[in-house]
(Lines give C-alpha, C1' and ligand atoms only; values in the text may rest on other atoms or scores of the structure.)
Protein backbone atom coordinates (compact mmCIF):
# COMPACT_ATOMS: atom_id res chain seq x y z
CA UNK A 1 0.00 0.00 0.00
CA UNK A 2 1.35 3.39 -0.96
CA UNK A 3 0.63 6.27 1.43
CA UNK A 4 0.48 9.75 0.00
CA UNK A 5 0.91 12.93 2.03
CA UNK A 6 -1.04 16.00 1.10
CA UNK A 7 1.17 18.99 0.42
CA UNK A 8 -0.17 22.44 1.33
CA UNK A 9 0.46 24.90 -1.42
CA UNK A 10 1.58 28.46 -0.61
CA UNK A 11 -1.21 30.87 -1.42
CA UNK A 12 -1.40 34.66 -1.75
CA UNK A 13 -3.26 34.73 1.56
CA UNK A 14 -0.29 33.07 3.25
CA UNK A 15 1.96 35.81 1.90
CA UNK A 16 -0.29 38.50 3.30
CA UNK A 17 -0.39 36.83 6.72
CA UNK A 18 3.38 36.36 6.78
CA UNK A 19 3.93 40.00 5.84
CA UNK A 20 1.51 41.12 8.55
CA UNK A 21 3.24 38.99 11.21
CA UNK A 22 6.63 40.35 10.17
CA UNK A 23 5.35 43.93 10.28
CA UNK A 24 3.89 43.44 13.76
CA UNK A 25 7.14 41.88 14.98
CA UNK A 26 9.13 44.79 13.56
CA UNK A 27 6.78 47.33 15.14
CA UNK A 28 7.07 45.66 18.55
CA UNK A 29 10.85 45.57 18.20
CA UNK A 30 11.00 49.26 17.34
CA UNK A 31 8.59 50.11 20.18
CA UNK A 32 10.70 48.20 22.69
CA UNK A 33 13.82 49.91 21.40
CA UNK A 34 12.22 53.34 21.65
CA UNK A 35 11.06 52.67 25.21
CA UNK A 36 14.56 51.55 26.15
CA UNK A 37 16.07 54.71 24.65
CA UNK A 38 13.53 56.82 26.56
CA UNK A 39 14.41 55.12 29.85
CA UNK A 40 18.14 55.49 29.23
CA UNK A 41 17.81 59.17 28.33
CA UNK A 42 16.03 59.86 31.65
CA UNK A 43 18.65 58.27 33.92
CA UNK A 44 21.21 61.14 34.20
CA UNK A 45 18.61 63.79 35.07
CA UNK A 46 16.71 61.58 37.52
CA UNK A 47 19.88 60.41 39.25
CA UNK A 48 21.10 63.98 39.69
CA UNK A 49 17.70 65.13 40.98
CA UNK A 50 17.51 62.34 43.56
CA UNK A 51 21.07 62.90 44.74
CA UNK A 52 20.81 66.68 45.00
CA UNK A 53 17.23 67.42 46.06
CA UNK A 54 18.26 67.83 49.70
CA UNK A 55 20.24 70.89 48.55
CA UNK A 56 17.33 72.51 46.72
CA UNK A 57 16.51 74.60 49.78
CA UNK A 58 20.11 75.37 50.77
CA UNK A 59 20.47 79.15 50.63
CA UNK A 60 24.03 79.09 49.30
CA UNK A 61 23.78 76.24 46.81
CA UNK A 62 20.13 76.09 45.78
CA UNK A 63 20.23 78.27 42.67
CA UNK A 64 23.20 76.51 41.07
CA UNK A 65 21.88 73.03 41.85
CA UNK A 66 18.36 73.85 40.66
CA UNK A 67 19.62 75.32 37.39
CA UNK A 68 21.81 72.30 36.80
CA UNK A 69 18.88 69.97 37.46
CA UNK A 70 16.57 71.95 35.17
CA UNK A 71 19.16 71.91 32.38
CA UNK A 72 19.54 68.13 32.65
CA UNK A 73 15.79 67.64 32.29
CA UNK A 74 15.67 70.14 29.42
CA UNK A 75 18.21 68.01 27.54
CA UNK A 76 15.78 65.09 27.46
CA UNK A 77 13.78 65.29 24.22
CA UNK A 78 10.16 66.19 25.13
CA UNK A 79 8.81 63.01 23.52
CA UNK A 80 11.05 60.92 25.80
CA UNK A 81 10.00 62.58 29.07
CA UNK A 82 7.58 60.68 31.25
CA UNK A 83 5.17 62.04 33.86
CA UNK A 84 7.90 62.08 36.50
CA UNK A 85 10.37 63.99 34.35
CA UNK A 86 7.82 66.64 33.40
CA UNK A 87 6.81 67.00 37.07
CA UNK A 88 10.39 67.33 38.27
CA UNK A 89 11.17 69.86 35.56
CA UNK A 90 8.20 71.88 36.82
CA UNK A 91 9.30 71.56 40.45
CA UNK A 92 12.80 72.91 39.77
CA UNK A 93 11.32 75.78 37.79
CA UNK A 94 8.89 76.56 40.62
CA UNK A 95 11.77 76.81 43.07
CA UNK A 96 13.88 78.87 40.66
CA UNK A 97 11.03 81.30 40.11
CA UNK A 98 11.56 82.82 43.56
CA UNK A 99 14.94 84.14 42.43
CA UNK A 100 13.50 85.96 39.41
CA UNK A 101 12.34 89.55 39.82
CA UNK A 102 11.85 90.58 36.20
CA UNK A 103 8.10 90.48 35.37
CA UNK A 104 8.65 89.23 31.81
CA UNK A 105 10.95 86.45 32.99
CA UNK A 106 8.46 85.38 35.65
CA UNK A 107 5.67 85.34 33.08
CA UNK A 108 7.73 83.09 30.81
CA UNK A 109 8.55 80.83 33.75
CA UNK A 110 4.87 80.64 34.69
CA UNK A 111 3.94 79.52 31.17
CA UNK A 112 6.75 76.94 31.06
CA UNK A 113 5.82 75.48 34.46
CA UNK A 114 2.15 75.27 33.49
CA UNK A 115 3.08 73.50 30.25
CA UNK A 116 5.29 70.99 32.11
CA UNK A 117 2.61 70.20 34.70
CA UNK A 118 -0.04 69.83 32.02
CA UNK A 119 2.20 67.38 30.16
CA UNK A 120 2.90 65.44 33.36
CA UNK A 121 -0.76 65.17 34.35
CA UNK A 122 -1.77 64.20 30.82
CA UNK A 123 0.51 61.16 31.15
CA UNK A 124 -0.49 60.30 34.74
CA UNK A 125 -3.52 62.14 36.19
CA UNK A 126 -3.27 60.46 39.62
CA UNK A 127 -0.39 62.55 40.94
CA UNK A 128 -1.18 64.39 44.18
CA UNK A 129 2.19 66.18 44.08
CA UNK A 130 1.73 67.44 40.53
CA UNK A 131 -1.74 68.78 41.40
CA UNK A 132 -0.26 70.46 44.48
CA UNK A 133 2.41 72.07 42.29
CA UNK A 134 -0.35 73.33 40.00
CA UNK A 135 -2.13 74.82 43.02
CA UNK A 136 1.13 76.51 43.99
CA UNK A 137 1.54 77.92 40.49
CA UNK A 138 -2.01 79.30 40.51
CA UNK A 139 -1.64 81.21 43.78
CA UNK A 140 -1.82 85.02 43.60
CA UNK A 141 -0.40 87.32 42.47
CA UNK A 142 0.35 85.39 39.28
CA UNK A 143 -2.78 83.29 39.56
CA UNK A 144 -6.20 83.13 41.14
CA UNK A 145 -7.25 81.70 44.51
CA UNK A 146 -10.31 79.93 43.12
CA UNK A 147 -8.22 78.09 40.53
CA UNK A 148 -5.49 77.35 43.08
CA UNK A 149 -7.94 75.78 45.53
CA UNK A 150 -9.57 73.78 42.72
CA UNK A 151 -6.18 72.23 41.92
CA UNK A 152 -5.54 71.63 45.62
CA UNK A 153 -8.89 69.84 45.97
CA UNK A 154 -7.93 67.63 43.05
CA UNK A 155 -4.67 66.77 44.85
CA UNK A 156 -6.71 65.67 47.87
CA UNK A 157 -9.18 63.85 45.65
CA UNK A 158 -6.51 61.58 44.15
CA UNK A 159 -4.75 61.10 47.52
CA UNK A 160 -6.85 62.11 50.56
CA UNK A 161 -4.06 61.15 52.96
CA UNK A 162 -0.45 61.66 51.94
CA UNK A 163 1.93 62.09 54.90
CA UNK A 164 4.77 63.47 52.78
CA UNK A 165 2.54 66.25 51.46
CA UNK A 166 0.62 67.10 54.63
CA UNK A 167 2.32 70.36 55.60
CA UNK A 168 2.91 71.42 51.97
CA UNK A 169 -0.77 71.16 51.15
CA UNK A 170 -1.69 72.87 54.41
CA UNK A 171 0.62 75.73 53.52
CA UNK A 172 -0.99 76.09 50.10
CA UNK A 173 -4.45 76.15 51.67
CA UNK A 174 -3.53 78.92 54.12
CA UNK A 175 -2.94 81.34 51.23
CA UNK A 176 -6.63 81.34 50.29
CA UNK A 177 -8.80 80.64 53.37
CA UNK A 178 -11.74 82.61 51.96
CA UNK A 179 -11.98 80.11 49.11
CA UNK A 180 -12.33 77.04 51.29
CA UNK A 181 -15.54 75.10 50.89
CA UNK A 182 -16.94 72.29 53.01
CA UNK A 183 -15.29 69.63 50.87
CA UNK A 184 -11.82 71.17 51.14
CA UNK A 185 -12.21 71.77 54.88
CA UNK A 186 -13.15 68.12 55.33
CA UNK A 187 -10.09 67.10 53.33
CA UNK A 188 -7.82 69.23 55.51
CA UNK A 189 -9.35 67.83 58.68
CA UNK A 190 -9.01 64.22 57.51
CA UNK A 191 -5.40 64.72 56.47
CA UNK A 192 -4.32 66.35 59.74
CA UNK A 193 -6.22 63.91 61.95
CA UNK A 194 -4.60 61.00 60.13
CA UNK A 195 -1.26 62.09 61.58
CA UNK A 196 -2.52 61.42 65.11
CA UNK A 197 -5.13 58.68 64.71
CA UNK A 198 -4.66 55.07 63.73
CA UNK A 199 -1.23 53.63 62.88
CA UNK A 200 1.57 55.99 63.88
CA UNK A 201 2.85 58.08 60.98
CA UNK A 202 6.60 58.33 61.50
CA UNK A 203 7.69 61.95 61.62
CA UNK A 204 4.37 63.47 60.58
CA UNK A 205 3.29 64.97 63.95
CA UNK A 206 6.82 66.34 64.29
CA UNK A 207 6.53 67.91 60.85
CA UNK A 208 3.29 69.58 61.92
CA UNK A 209 4.94 70.99 65.05
CA UNK A 210 7.81 72.33 62.95
CA UNK A 211 5.32 73.91 60.56
CA UNK A 212 3.36 75.70 63.32
CA UNK A 213 6.44 76.70 65.34
CA UNK A 214 6.13 80.36 66.35
CA UNK A 215 3.17 80.78 63.99
CA UNK A 216 0.07 81.47 66.06
CA UNK A 217 -2.38 81.33 63.14
CA UNK A 218 -1.05 77.97 62.02
CA UNK A 219 -1.37 76.55 65.53
CA UNK A 220 -4.95 77.87 65.69
CA UNK A 221 -5.74 76.14 62.40
CA UNK A 222 -4.42 72.79 63.65
CA UNK A 223 -6.49 73.15 66.82
CA UNK A 224 -9.61 73.77 64.76
CA UNK A 225 -8.94 70.74 62.58
CA UNK A 226 -8.38 68.53 65.65
CA UNK A 227 -11.07 69.90 67.96
CA UNK A 228 -13.46 66.95 67.46
CA UNK A 229 -10.64 64.54 68.40
CA UNK A 230 -9.73 65.44 72.03
CA UNK A 231 -7.00 62.83 72.35
CA UNK A 232 -5.28 63.96 69.16
CA UNK A 233 -5.65 67.60 70.18
CA UNK A 234 -4.09 66.86 73.59
CA UNK A 235 -1.16 65.13 71.88
CA UNK A 236 -0.65 68.15 69.64
CA UNK A 237 -0.71 70.54 72.59
CA UNK A 238 1.82 68.43 74.51
CA UNK A 239 4.18 68.30 71.56
CA UNK A 240 3.83 72.01 70.91
CA UNK A 241 4.51 72.83 74.57
CA UNK A 242 7.65 70.68 74.59
CA UNK A 243 8.86 72.29 71.34
CA UNK A 244 8.40 75.84 72.66
CA UNK A 245 10.25 75.03 75.88
CA UNK A 246 13.43 74.09 74.04
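Worth pointing out:
- Restricting attention to the range 179-226 and to residues that are assigned to a loop (DSSP other than H, G, I, E, B) and modelled with pLDDT of 95 or more, the residue that is farthest from residue 167 (Cα to Cα) turns out to be 181.
- The single condition from (1) under 22 Å from residue 115 (Cβ atoms); (2) crowded, with 17+ Cβ neighbours inside 10 Å that residue 167 fails is (1).
- Looking across the range 47-62 at every residue that is in a helix (DSSP H, G or I) and touching a helix residue (DSSP H, G or I) at 6+ places or on another chain (Cβ under 7 Å), the one that is nearest to residue 90 (Cα to Cα) is identified as 49.
- Condition met for residue 165 (assigned to a helix (DSSP H, G or I) and within 12 Å of the chain's Cα centre (by Cα)): yes
- Looking across the range 143-162, the residues that are part of a loop (DSSP other than H, G, I, E, B) and buried (at least 16 other Cβ atoms within 10 Å of the Cβ) come down to 143, 159, 161, 162.
- Considering the conditions (1) buried (at least 21 other Cβ atoms within 10 Å of the Cβ); (2) modelled with pLDDT under 95, residue 127 is excluded by exactly one of them, (2).
- Exclusive hit being more than 18 Å from residue 139 (Cα to Cα), surrounded by fewer than 17 Cβ atoms within 10 Å (Cβ to Cβ) and over 13 Å from the mean Cα position of the chain (by Cα), set 98, 63, 108: 63
The values are calculated or read from the model by the stated rules, or taken from the named source; none is laboratory data. This structure is a prediction, so every number in the text was calculated from the model and none was measured. All Cβ positions, glycine included, derive from the backbone under ideal geometry; neighbour counts span all protein chains shown.
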